[in-house]
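**Student:** One structure follows; several queries about it will come next.
The values are calculated or read from the model by the stated rules, or taken from the named source; none is laboratory data. The structure presented is a predicted model; accordingly, all values stated were derived computationally and were not measured. Cβ sites come from the backbone with ideal geometry, for glycine too, and all protein chains shown count toward neighbours. For accessibility, only protein heavy atoms count, side chains too; no ligands or nucleic acids. Shrake-Rupley method; radii C 1.70, N 1.55, O 1.52, S 1.80 Å.
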Amino acid sequence: MRSMALVTRAPALDVCHMILVPTYSPCALRGDAILIDRKLHTGICAYVEGLGCAVTVLAPALGASERLMDGVELPVASLPYRVAPVACDGSFRVRDVDRARVRALVREADLVYGVGFGVAGLARRMKVPYVAVAEYNWRTQVVFAQASVVGPLRRAVRAVRAWLRFRGDVRDRRLARAVHCNGFPVYEECARINPERLLYLDSRMTAGGVIAEATLAERLARVGAGRRPRLLFSGRFTPAKGVMDAVEAGVLLAQRGVDFELDFYGQGSEGARMRDRVRAAGLQERIQIHDPIPFPELMTRAQTYDVFLCCHLQDDPSCTYLEASGAGLPIVGYGNRMWCAFAAAACNGVVTQLSSPALLADAVAALLGDHDRLAAFAWRSRAFALDHCFEREFDKRIAALKPLVVELGIRR
């Protein structure tokens, strides 16, 4: 992967005061335009507006064969921030060709917000203050590390490597000015690491995007009157997301005579296996696997479904839970630590045992057979999404950063 020059908006920013934001969401230059994740773009614009500071985003350069699930192509000149794409490997280690550029960016920054690409260590050596952004707890890192391998020895090696990386994460979080924790599991874990922590729930769901009361009422009336129930899964088709278990739960529902249809939207390594299993079961008309679609379109479609399936094996802070809630969807999901905590806070779904498609299918069938419970979960989903919409959650982060920005004298 070749190095890519620093991207600036036009006219170029005179960056005498700057916040550097590392992200693992890739981007790609296309002439005078840049392809970037829609959610990332929205969030960085919110930082620029809320903090009134110049912001530079440090992001991986998108590989030639890679694609974004929800990318937008924007004129570079229109960006209110800078983007610095860097060449890195599959583990997000910066390649030699761009290491000097990354060091220069950290040296230039007044504050680093995030710890990717080893910038936390650079910031400490250069006496640049940083705020850690934490998403994955220890267990989630192990699940990710072991998801694509089989055999006890290989899995043990992956677990050891994950532990070594996690020790680095703990050091970065402990020495940060503060830790902003995306999701309940990592927030709980960081209690022993850094007392200056913030809990937030990351999603793209704005208040205006939450399903309208009339739309939800009409949908519930129709399914209550006998319309075939519609089930939804969206996200990455990877082992850690348990996507094959969601397919298997659909097959089991069909075998038990439950009337339903199930749609998957996303992409990933399990896509071919998913389609093969559906064909082998002869359920192509009931279970369909779709390519990813833009987030606004996905959220519009999601409002026409009745239940969201979530078979995540890891405790990650997936925005899926909050975005499904914004569509007024009850959630039936595996009892990872994130969903257990989310379900306890929102009271909007059913927690089932990990790695058991049969129990998941049982829970879905029971919920579809109890319309009052289904409706209660749907209304609670909507209420929780409004309480934790994008605007409110981002305001928390801005409010937490502002005192530090003022202390450091950062200005545009």
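**Student:** Sorted by mean Cβ packing within 10 Å, highest first, what order do the peptides 362-369, 96-103 take?
**Tutor:** Packing proxy ranking, top to bottom: 362-369, 96-103.
**Student:** At a temperature of 37 °C and a viscosity of 0.692 mPa s, determine how fast the stretch 83-241 diffuses translationally according to Stokes-Einstein, using the Kirkwood radius over alpha-carbon pairs as Rh; express D in µm²/s, rounded to the nearest whole number.
**Tutor:** On the way: Rh = 19.0 Å.
Rounded, D is 173 µm²/s.
**Student:** Quick check for you: with a 1.4 Å probe and neighbouring chains kept, what is the accessible area per residue of the stretch 289-365, in Å²? List each step's numbers first, then the result.
**Tutor:** Working: 2070 Å² over 77 residues.
Result: 27 Å² per residue.
**Student:** Moving on. Which residue fluctuates the most in the chain, going by a Gaussian network model with Cα springs under 10 Å, if the choices are 50, 151, 335?
**Tutor:** Sorting by GNM fluctuation, first place goes to 151.
**Student:** Tell me the carbon and sulfur percent of the accessible area for the stretch 342-412, rounded to whole percent, probe radius 1.4 Å. Show your work: numbers first, answer last.
**Tutor:** On the way: 1860 of 3360 Å².
Accessible surface attributable to carbon and sulfur in the stretch 342-412 totals 55 percent.
**Student:** Hey, another quick one. So which lysines pass the test for residue 39, namely a Cα distance under 23 Å, with those fewer than 8 places away in the same chain ruled out?
**Tutor:** 241, 396, 402
**Student:** When all alpha-carbon pairs of the stretch 209-293 are counted, what percent fall beyond 22 Å? Mind showing how you got there, number by number?
**Tutor:** Details: 1188 of 3570 pairs.
Taking all Cα-Cα pairs of the stretch 209-293, the fraction more than 22 Å apart is 33 percent.
**Student:** What net charge do the residues around residue 126 carry, taking every other residue with its C-beta under 13 Å from that of residue 126, with Lys and Arg at +1 and Asp and Glu at -1? Show your work: numbers first, answer last.
**Tutor:** Values: positive: 103, 107, 124, 125, 127; negative: 108, 110.
Overall, the nearby charge balance is +3.
**Student:** Another question, if that's okay. Compare the Cα positions of 145, 56, 88 along the charge dipole of the stretch 1-160 (+1 at Cβ of Lys, Arg; -1 at Cβ of Asp, Glu; about the Cα centre) and return the one farthest towards the positive end.
**Tutor:** Of the options given, the answer is 145.
**Student:** Right, another one. If you consider only alpha-carbon coordinates, what radius of gyration and Dmax does the chain have, in Å?
**Tutor:** In Å, with Rg to one decimal and Dmax whole: 21.9, 66.
**Student:** At 1.4 Å probe size, with the rest of the protein present, what percent of the exposed accessible area of the stretch 118-174 is carbon and sulfur atoms? Can you show the working numbers first?
**Tutor:** Details: 1840 of 3180 Å².
On the stretch 118-174, the fraction of accessible area on carbon and sulfur atoms equals 58 percent.
**Student:** Further, regarding this structure: For the chain, modelled as a GNM with alpha-carbon contacts under 10 angstrom, which of 307, 83, 149 fluctuates the most?
**Tutor:** 149
**Student:** Springs between alpha-carbon atoms under 10 Å, Gaussian network over the chain: tell me which of 309, 58, 153 tops the mean-square fluctuations.
**Tutor:** Among 309, 58, 153, the largest GNM mean-square fluctuation belongs to 153.
**Student:** Taking the solvent-accessible surface of protein heavy atoms with a 1.4 Å probe, what is the per residue accessible area of the stretch 51-207 in Å²? Write down the numbers at each step before the final one.
**Tutor:** On the way: 7180 Å² over 157 residues.
Here the per-residue accessible area is 46 Å².
**Student:** To continue, here is another question. In what sequence, highest mean first, do 163-173, 259-269 appear when ranked by Cβ atoms within 10 angstrom?
**Tutor:** Details: 163-173: 16.3, 259-269: 18.6.
Peptide ranking by packing, descending: 259-269, 163-173.
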